[in-house]
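A.B. asks: One structure, as structure tokens, below. Some questions next.
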Amino acid sequence: MTLKRNTWLLILMASIVFSFLFFLLLTNNRVEYIGKVDIALGTRVKVVVSADHPERVINAILREFHRIEDKFTVNEKKNDKSVISRINQSDTYPVVIDEETAFVIERSLGLAQGTNGAFDPALGNLIKLWGFDRISDADFEPDVPTQEEIDRAVRLSGYEHVSVEGNKITLENGVALDLGGIVKGYAIDRGVEIGREMDTDATGYIDAGGDIGIIGPKFGGDFWSVAVRDPEGEPDDYVEKVFLEKGAVVTSGDYERTFEIDGKRYHHILNPKTGRPVRKTKSSTVIAPNAMDADVLSTAGFVLGGEFASIMLPPLGGQGYFIGEDGKVKTTAGWHFFTERR
């Protein structure tokens, strides 16, 4: 009888110790998230992180955003640091570029070819003509170009006139680069990479103007819920919700970077063939393994329209949700995989 009582006493004590250790494990598990907001690449950047030293991680990520902005901008006010401005303004070709620049441009050219030019990194002349290279400037005065001006800018555009060989780039036919359709995604990817390098157990996300890159799953194992904005509603209205524990989701909408003249609204997503803002699409959202590809494919999906994009994008690694000008929705075959918490 005494032996049984002692046995049960030992079992009880072991259970108490185990419960206490389990409680300590739970309470020490990093579930508190620290967030910080900044402005970079012409948009609001929010970084949310749980890590050993979250402030250090966040600040390092935001510094990277500003470095990339300075390096890849085409804004005239930052030409002293911009490698893209140096390339566009060079009178002599080829131009020597660093490894990072070559990587971003080569990926741009590869995806331009893969989307049959629906995404094009060599629309600098066309974008500048419309004023979308500096629409956030206080002194910006919107104007609709003439058809003659548009036709000329289209002739001086096209990724097929850009070539990269090793550490040298050549621009032909008077084209100019504008990497606005890929560099924000690249910055998100670099931020995710930095967060993971600084703390392998870091978790959280980066939100750059609604474009999301996942640093790590929520609470170390759950899915982040990401809303797809309603292009006809208020900024907080949404039409769809997806769940991600990794990868990225990017939306291109006709409500971004716009101006209005004579009651007609013009947005920054231009059709490379017509040189005018795309009218058949209201919103294009793409999920991909990385933000750089998602950024490009969301633009391409917007230009192509849901009917074509839903077929073309999956082989390039993207799953998409597209809203047409008539409000009808088209999705890729694999989109539904992300709409349910798994």
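Read the figures in this text as sums done on the coordinates, not as results from a lab. Please read these numbers as outputs of a predicted model, since none were measured by experiment. Neighbour counts run over all protein chains shown; Cβ positions are idealised from the backbone, glycine included.
A.B. asks: Taking every pair of distinct Cα atoms and averaging 1/r, then inverting, what Kirkwood hydrodynamic radius in Å comes out for the chain? Please list the in-between numbers first.
C.D. replies: Numbers: mean 1/r = 0.0460 Å⁻¹.
This gives a value of 21.8 Å.
A.B. asks: Related question: In the chain, with Lys and Arg counted as +1 and Asp and Glu as -1 at Cβ, which of these residues, LEU109, GLN319, ALA122, has the Cα nearest the positive end of the dipole, that is, farthest along it?
C.D. replies: About the Cα centre, the residue reaching furthest to the positive side is GLN319.
A.B. asks: Quick one: angle between helix 54-72 and the longest Cα principal axis of the chain, in degrees between 0 and 90, rounded to 10, please.
C.D. replies: That helix lies at roughly 10 degrees to the long axis.
A.B. asks: Okay, moving on. On full extension of the chain, what length is gained from LYS246 through ARG196, given 0.36 nm per residue of separation minus the C-alpha to C-alpha distance?
C.D. replies: Values: separation 50, 0.36 × 50 = 18.00 nm, distance 1.22 nm.
So the chain would gain 16.8 nm between LYS246 and ARG196.
A.B. asks: Stretch SER90-THR170 to full length: gain in nm at 0.36 nm per residue minus the Cα-Cα span? It would help to have the intermediate numbers written out before the result.
C.D. replies: Details: separation 80, 0.36 × 80 = 28.80 nm, distance 1.01 nm.
Residue separation times 0.36 nm, minus the Cα-Cα distance, leaves 27.8 nm.
A.B. asks: Treat every Asp and Glu Cβ in segment 83-171 as -1 and every Lys and Arg Cβ as +1, leave all other atoms uncharged, and give the resulting dipole magnitude about the Cα centre to the nearest 20 debye.
C.D. replies: On the way: 7 positive and 16 negative charges, 44 e Å.
Using Cβ point charges on Lys, Arg, Asp and Glu, segment 83-171 gives about 220 debye.
A.B. asks: Let me ask something additional. How do LEU297, LEU126, LEU171, LEU111 rank when sorted from fewest to most other Cβ atoms within 10 Å of their own Cβ?
C.D. replies: Working: LEU297 34, LEU126 29, LEU171 19, LEU111 25.
If I rank by nearby Cβ atoms, fewest first, I get LEU171, LEU111, LEU126, LEU297.
A.B. asks: Next question. For the residues TRP130, TRP335, what sequence is obtained by ranking on other C-beta atoms within 10 Å, fewest first? Before the final figure, lay out the partial values.
C.D. replies: Values: TRP130 25, TRP335 22.
Starting with the residue having the fewest Cβ neighbours, the order is TRP335, TRP130.
A.B. asks: If you don't mind, there's one more thing I want to ask. For each of SER108, SER50, count neighbouring Cβ atoms within 10 Å of the residue's Cβ, then give the residues from fewest to most. Let's see the in-between values first.
C.D. replies: Numbers: SER108 25, SER50 22.
Starting with the residue having the fewest Cβ neighbours, the order is SER50, SER108.
A.B. asks: Shifting gears a bit: Divide by every residue of the chain the summed helix terms, -39500 (n - 2.57) for each DSSP H run of at least 4, and state the resulting mean residue ellipticity at 222 nm, rounded to the nearest 500 deg cm²/dmol. The partial results should precede the final answer.
C.D. replies: Details: 9 runs with 122 residues, N = 342.
After summing the helix terms and dividing by the residues of the chain, the value is -11500 deg cm²/dmol.
A.B. asks: Between PHE140 and VAL37, what's the calculated FRET efficiency when r is the beta-carbon distance and R0 is 22 Å? Round to 0.05.
C.D. replies: On the way: r = 24 Å, r/R0 = 1.08.
E between PHE140 and VAL37, to the nearest 0.05, is 0.40.
A.B. asks: Please compute the contact order of segment 223-342 in relative form: average sequence separation of alpha-carbon pairs under 8 Å and at least six residues apart, divided by the residue count, as a percent. Could the numbers behind the result be given before it?
C.D. replies: Numbers: 238 pairs, mean separation 26.9, N = 120.
Relative contact order comes out at 22 percent.
A.B. asks: Using the C-alpha atoms of segment 138-296, what convex hull volume per residue, in cubic angstrom, is computed? Numbers along the way, then the final one.
C.D. replies: On the way: hull volume 26.7 nm³, N = 159.
Once divided by residue count, the hull of segment 138-296 is 168 Å³.
A.B. asks: Output the 0 to 90 degree angle, nearest 10, between the alpha-carbon long axis of helix 183-198 and the longest principal axis computed from the alpha carbons of the chain.
C.D. replies: The helix 183-198 is inclined about 30 degrees to the chain.
A.B. asks: Above 21 angstrom, tally the Cα pairs of segment 228-310 and express them as a % of all pairs, no decimals.
C.D. replies: Numbers: 1049 of 3403 pairs.
That tail contains 31 percent of the Cα-Cα pairs.
A.B. asks: Lys/Arg Cβ at +1, Asp/Glu Cβ at -1, dipole of the chain taken about the Cα centre: which of SER157, ASN167, GLY204 is farthest positive-ward?
C.D. replies: Among SER157, ASN167, GLY204, the one farthest towards the positive end of the dipole of the chain is GLY204.
A.B. asks: Helix 2-28 versus the longest principal axis of the chain: what angle, 0 to 90°, nearest 10, using Cα atoms?
C.D. replies: Between the helix axis and the principal axis of the chain, the angle is about 20 degrees.
A.B. asks: Could you state the orientation-averaged shadow area of the convex hull built on the Cα atoms of segment 83-171, in nm² to one decimal?
C.D. replies: Working: hull surface 26.9 nm².
Mean projected area of the Cα convex hull: 6.7 nm².
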